[in-house]
Amino acid sequence: MYNRRKFIKLSAAGASLAALSNSAVAKTVSAIPDAKLPIVISTWDFGIMANKEAWKTLEAGGRALDALEAGAKIPEALDITNHTVGRHGLPDRDGHVTLDACIMDEFGNCGSVAAMEDIAHPISVARLVMEKTPHVMLVGEGATQFAVEQGMKKEKLLTPESEKIWKEWLKTAKYSPVMNIENGHKPGNEYNHDTIGMLAIDAKGNISGACTTSGMAFKLHGRVGDSPIIGAGLYVDNEVGGATSTGVGEEVIRNVGSFLVVELMRQGMSPEKACKEAVHRIIKKKPDTAKNIQVGFLAINKKGEYGAYAIQPGFSFAVCNAQQQDLLIKGKSFYPAK
């Protein structure tokens, strides 16, 4: 039978083993050969600006999580040309700008907000959900209320330019994830790549991830895509790597895409091959749908190796480390450019 003395001895032994294990992990991480760490990667060309802001924290030896929050806030609020993320995002069909975001750290902690209005920085609210509540996700009015309680300012997010685009759309009010192709807007254009996903490894070898979006333009009010869903739009496992996605979120959700990419890397696949396999699974399940939409995955493994793959051409991602701060790479795709 267990008694109090045996329990104390077993607990002490377990604590010693845990400390030894943590020490071993730390030594393993620091011994990665030729790893170009720290590093931060982001989806799309606007990831360059986000990476540069994140790099300020990483270069100073800071935590990946802090770097990504700082980086994601750039497209959320400062990039006035970006209508797919944050304050300048295009509204839903009813004229509401609703924002989604999630964040995940090296310990497996995560936080998320979905369909939130009137708050410019959903990534920061997602982090507060992770750190200040027992929950993972808050949505809608509850998310906005929580943000205000945490000291954030409510503001109107529908900008004059976004409102003008919305009112022009109302003249026909046609909506479909494939409308971009029907109207001459190819997959991967400004109406279809509706997310910035970011992954970083800091100088200690720890991985975090962040994902933020205003969602698909002119969606049904209340629609939520993959971006704020842990395992779909973002997933991090500090032993393996991290992955994020962009594009039509419904297909990513159906395949639990980012979790799938990380698990494939766990089995030994490179980041690019893991992203490619995730894309192929989407195509295999719904080949007719896949021909008319864009989905892309971006991944990084524990060694700092990265890769990406998409259904359609046009997907790009940005890389920032000590050697390069503004590198933009064109991702490979299942359907090659004509």
Notebook entry, point to check: What's the extension gain from Arg254 to Glu163 if we count 0.36 nm per residue and subtract their Cα-Cα distance?
Noted result: 29.6 nm
Check: Roughly how many nanometres apart are two label points built 7 Å out from the Cα toward the Cβ at Glu59 and Thr289?
Finding: 4.3 nm
Note to self: I need the calculated FRET efficiency for the pair Gln150 and Lys36, taking r as the beta carbon distance and R₀ as 41 Å, to the nearest 0.05.
What the structure shows: 0.70
Checklist line | Label-to-label distance, nm, for residues given as Arg281 and Ala203 (7 Å Cα→Cβ offset) | finding: 3.7 nm
Next item on the list: Using θ = phi - 60° and the Karplus relation 6.51 cos²θ - 1.76 cosθ + 1.60, list the HN-Hα couplings for the stretch 166-173 in order, rounded to whole Hz, with x at every Gly or Pro.
Entry: 4, 5, 5, 5, 4, 5, 10, 6
Note to self: Output wanted: per-residue J couplings in Hz (rounded whole) for the stretch 53-61, from phi through Karplus 6.51 cos²θ - 1.76 cosθ + 1.60, θ = phi - 60°, x for Gly and Pro.
What the structure shows: 5, 5, 4, 4, 6, 5, 4, 7, x
Next item on the list: With a ≥ b ≥ c taken as the square roots of the eigenvalues of the C-alpha gyration tensor of the stretch 208-308, please select rounded if a/c is under 1.5 and otherwise prolate if a/b is larger than b/c or oblate if it is not?
Entry: oblate
Next item on the list: In whole Hz, with x marking every Gly and Pro, tabulate ³J(HN,Hα) for the stretch 283-296 from phi via Karplus 6.51 cos²θ - 1.76 cosθ + 1.60, θ = phi - 60°.
Entry: 5, 5, 6, 9, x, 5, 5, 4, 5, 10, 9, 10, 9, x
Note to self: Need the list of lysines near Lys52 for cross-linking: C-alpha distance under 18 angstrom, and skip anything on the same chain fewer than eight residues off.
What the structure shows: Lys36, Lys73
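Every number in this text was worked out from the coordinates using simple rules, so none of it is lab data. Remember, predicted model here, so these are calculated numbers, not experimental data. Positions of Cβ are generated from backbone atoms using ideal geometry, with glycine treated the same way; all protein chains shown enter the neighbour counts.
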